[in-house]
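Asks: Let me begin by handing over the structure; questions about it come next.
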Amino acid sequence: MAVMTAKAPAKPEGLEVKVRADKSLEIRWQADGGNGHFHVEIRYFDFEGPGIEADHLIELEVVNKCAVKRVHPKELPLNKAWVVKVALRAAENDLLSDAVEKQVAWDDELSEEESKKDLAERVSHFQKNDLEPFAQAKGIPKILVVAAQHHGKSSHVNHLFRCFKCDLNLNDQMDVAPAGKEEKTMSMKSLELPVDSSHMVLVDTPAFPSMNDEMKEKLKVLLSTGVEDGVRRQDLVPGQQSSLKKPPHGAIIVVSLCHWRDQQEEMQVYLQKMAEAFKNASSGQVAFPYVVAVTFRDEFLKDCQKEIPREELEHAVAGIKNAALTDHVYSITNYKPGALGSARNNKETFDLLSQLLTKASREDTASSIQEFLAFVKSSPTCYVGIIFCLFLTALCRFMKFT
C-alpha cells in the first residue's frame, strides 16, 4: 500500500504591513473565509547595521484570523531608525508553507520638544556661520527652488519654512498639488524665511516638465535675470526680461526618490540637461551655484523591499549625484504639519543650505550684468540709445493700456 506524503499548505497571499504613528505594526493578509492557522515572524534590524542578525525577534501563532497588530517592542528604543521584516507562513498538520515576506523601514524620530531644541540650535549656527557672512558680502540670499512636476518642490519650501520657524505644526505656505493632479505653482512665488533678526528668500518656481530646448532656454532666462513674483513660465522668453535686475544667488534642485526609482533613465537625461544649463548660465559666463534636495525619503524607505534599504538608498543618491553633476546631494523627508522631527533630517537640511551659501559666496551670478553696465559706461552713445529704447517701450505700454 502506497504511503501518502503530507503536502505543505499553499502560502498566504496579499500580505500588507502598515506602520502607525506610535510605530505599532498592523499586519494583514488574505485567506479563504478568514480560516486557518498562520505563523508570523517579525524581525527588527538596526537601520545602520549590516542586516545580518536581527536585534529583536517576535514569533506569533494566529488562528482563524487574517490580521494582527503588534506594539513596538519596549526593549527597543522607539526613536531609533529601524528596518522591520515580516515573514508569514500558513501552517497545517505541523507543516509550514513557503514564506510571504514584506518589510518597512523608517528614520529616527525626536519628540516635539527635542525637535524644537535641535532645530533652534541649527538655525542659530546657520545664522552665525553662513547667513550673516553671506549677507554682509552679497546681501540677503535669494534662492530658486526648481524641479519637474510632483517632485516635492513646493513641499520643500514649506519644509524649510517649518524648520526655520522651529515648529513642525505650522500650516503650508505654498500650495501643494496631490500626485497625478495638475500643477499648483503657476507663477513665481517668493517666501521669506525668518532667521532671528535676518532672513533669506526662497522663490518657488513653476515646474519644468521636461528639459527640451524650449524649457532649457526658459531655465537659462530664470538663472540669468531677475524675476518678480507673478511671472509665469511662458513669460520666461529670452530678451524680454530686464537685464538690469539682479539674478538669484543660487538654486535648490528638487528630485523625488520615488520618481528616480521608477523612471531612472528619464530622470538621468532630465538632470544631466538641467545641470548643463546651471553649469553654463548667463551665456556660459557663470557656473550657477546649486545643490540637490532628494525628497520623499520616507516613502522610499517605506516601500523599499531590498535586503538592506540603507544600501539601496545610498545607491540611488549616488546615481543622482552622477546625473546632476554634483556631490552636493542630500536625501530629505519634507516635514508636513504635525510630523515628528528627525535629527538626521534636520542635519541634512541645514547641511544643504550651508553648502549652497558657501558655493554662492564664491560665484558672482550677476557678472553678466556688471559687464553690461561696464560696456554702457564706456559707450555714451550706447547709453543714450538704451535710454531712448526704454522711453519708447514705456510709451508703447502706456498707449496700449489707454
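Asks: Using a cut-off of 26 Å between alpha-carbon atoms, which lysines can reach residue 128, once sequence neighbours fewer than 8 places away in the same chain are excluded?
Replies: 116, 117, 138, 142, 165, 246, 347, 359
Asks: Let me see the pair-distance distribution of region 250-335: every alpha carbon pair, 5 Å bin width, integer percents in order.
Replies: Cα pair-distance distribution for region 250-335, in percent: 3, 15, 26, 24, 16, 9, 5, 2, 1, 0.
Asks: Among the lysines, which have Cα under 26 Å from the Cα of residue 11 when same-chain residues fewer than 8 positions away are ignored?
Replies: Candidates past the 8-residue exclusion: 65, 69, 85, 102, 302, 306.
Asks: I've got another one for you. Students often forget the sequence filter, so: which lysines lie under 17 Å Cα-Cα from residue 74 once same-chain residues fewer than 8 apart are removed?
Replies: The qualifying lysines are 23.
Asks: Loop-only check: which GluC sites (Glu not before Pro) in region 1-75 are DSSP coil with at most 13 other Cβ within 10 angstrom?
Replies: 48, 53, 75
Asks: Further question on the same structure: Over region 238-357, with the other protein chains present, what is the accessible area per residue in square angstrom, probe 1.4 angstrom?
Replies: The answer is 41 Å² per residue.
Asks: Name the trypsin sites (Lys or Arg not before Pro) in region 17-99 that are in a loop by DSSP and that have at most 15 other C-beta atoms within 10 Å, would you?
Replies: Here the sparse-neighbourhood loop sites are 20, 65, 74.
Asks: How about region 272-306: which trypsin sites (Lys or Arg not before Pro) there are in a DSSP loop, with at most 15 other Cβ atoms within 10 Å of their Cβ?
Replies: For trypsin sites (Lys or Arg not before Pro) across region 272-306 that sit outside H, G, I, E and B with at most 15 neighbouring Cβ atoms in 10 Å, the list reads 306.
Asks: Moving to a separate point now. Treating only the Cα positions of region 40-195 as identical point scatterers, give the base-10 log of I(q)/I(0) from the Debye formula at each q in 0.08, 0.10 Å⁻¹.
Replies: For region 40-195 at q = 0.08, 0.10 Å⁻¹, log10 I(q)/I(0) is -0.45, -0.64.
Asks: Same structure again: Can you give me the Cα centroid spacing of region 67-88 and region 317-347 in angstrom?
Replies: 25
The values are calculated or read from the model by the stated rules, or taken from the named source; none is laboratory data. Because the structure is predicted, anything quoted here is derived from the model rather than measured. Backbone-built Cβ (ideal geometry, glycine too); neighbour counts: all protein chains shown. In case anyone asks, the SASA skips ligands and DNA or RNA and just uses the protein heavy atoms, side chains included. Shrake-Rupley method; radii C 1.70, N 1.55, O 1.52, S 1.80 Å.
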